[in-house]
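Before any comments, here is the structure.
The values are calculated or read from the model by the stated rules, or taken from the named source; none is laboratory data. Given the structure is predicted, the values throughout are model-derived calculations rather than measurements. We place every Cβ from the backbone using ideal geometry, glycine too, and count neighbours over all the protein chains shown.
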Amino acid sequence: MGEHAERDVEQLRDRLNDYMTRHGLRSTEQRRVVTEKFFASDGHLSIEDLLDRVRIEEPKIGYATVYRTLKLLKECGLAFERHFGDGVSRYEVAWQDEHHDHLICVECEKIIEFEDEAIEKLQREVASRHGFRLVRHKLELYGICPSCQARR
């Protein structure tokens, strides 16, 4: 869970339960296991990554259950789906109070999250200059990380 408290996870659970109630979806034990493992994660997980973690607790959960649960979490705004140019969808928890950008190594696929207020300010200024009211954005910078540079 990193820096996120149990209170934050409880808010995610409440938002999920509200969404499921509004859409007539039922809660299952398998879905609960998948969501709990996802909410407890840090970073960017592929479906396979999450499946590996889930199967430690519940070996019978299949790929399709994890896929459908992540799709549900994405639809209700609790997960962000990320594509970093390698053909693999990765997911991260959509904490309401958090925004960050990404540095992605094109060789080892390492992903570093960062925040920079000067970049955020510049993006708002550019949008304003063009008459846009920002509702969301993402910044992904692709390069070669220090470890891969050192190996060259």
- If you take the residues in region 5-41 that are of a type in the set (Gly, Ala, Ser) and out of contact with any Lys or Arg (no Cβ under 9 Å at 6 or more places or on another chain), which one is surrounded by the most Cβ atoms within 10 Å (Cβ to Cβ)? Ser27
- Does Arg90 satisfy the condition of being outside any loop (DSSP other than H, G, I, E, B) and either of a type outside the set (Phe, Trp, Tyr) or under 30 Å from Thr69 (Cβ atoms) (or both)? yes
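Any chance you could count how many residues in region 137-152 are of a type in the set (A, V, I, L, M, F, W, C), assigned to a loop (DSSP other than H, G, I, E, B) and under 17 Å from Asp86 (Cβ atoms)?
First, pick out the residues of region 137-152 that are of a type in the set (A, V, I, L, M, F, W, C): 139, 141, 144-145, 148, 150.
Filter once more, so that each one left must be assigned to a loop (DSSP other than H, G, I, E, B): 139, 144-145.
Imposing the further condition that a residue be under 17 Å from Asp86 (Cβ atoms) reduces the set to 144-145.
Total meeting the criteria: 2.
Filtering region 42-80 down to residues that are assigned to a loop (DSSP other than H, G, I, E, B) and of a type in the set (Gly, Ala, Ser), which residue is surrounded by the most Cβ atoms within 10 Å (Cβ to Cβ)?
Ser46
Might you check whether a residue that is modelled with pLDDT under 85, under 23 Å from His44 (Cβ atoms) and not assigned by TED's automatic domain parsing to the domain that holds Gly43 occurs anywhere in region 139-146?
Keep residues of region 139-146 that are modelled with pLDDT under 85, which gives 139-140.
Next, only the ones that are under 23 Å from His44 (Cβ atoms) stay: 139-140.
Narrowing further to those that are not assigned by TED's automatic domain parsing to the domain that holds Gly43: 139-140.
Yes, because at least one residue in region 139-146 is modelled with pLDDT under 85, under 23 Å from His44 (Cβ atoms) and not assigned by TED's automatic domain parsing to the domain that holds Gly43.
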- Would you point out the residue of region 97-115, among those that are surrounded by 11 or more Cβ atoms within 10 Å (Cβ to Cβ) and touching a helix residue (DSSP H, G or I) at 6+ places or on another chain (Cβ under 9 Å), that is modelled with the lowest pLDDT? His99
- Message: Contact list please: Cβ distance under 7 Å, first residue in region 124-152 and of a type in the set (Ser, Thr, Tyr), second residue surrounded by fewer than 11 Cβ atoms within 10 Å (Cβ to Cβ) and in a loop (DSSP other than H, G, I, E, B), pairs at least six apart or on different chains.
- Response: Tyr142/Gly85
- Task: For region 64-86, indicate whether the set of residues that are among the charged types (D, E, K, R), over 30 Å from Leu139 (Cα atoms) and modelled with pLDDT of 90 or more is non-empty.
- Result: no
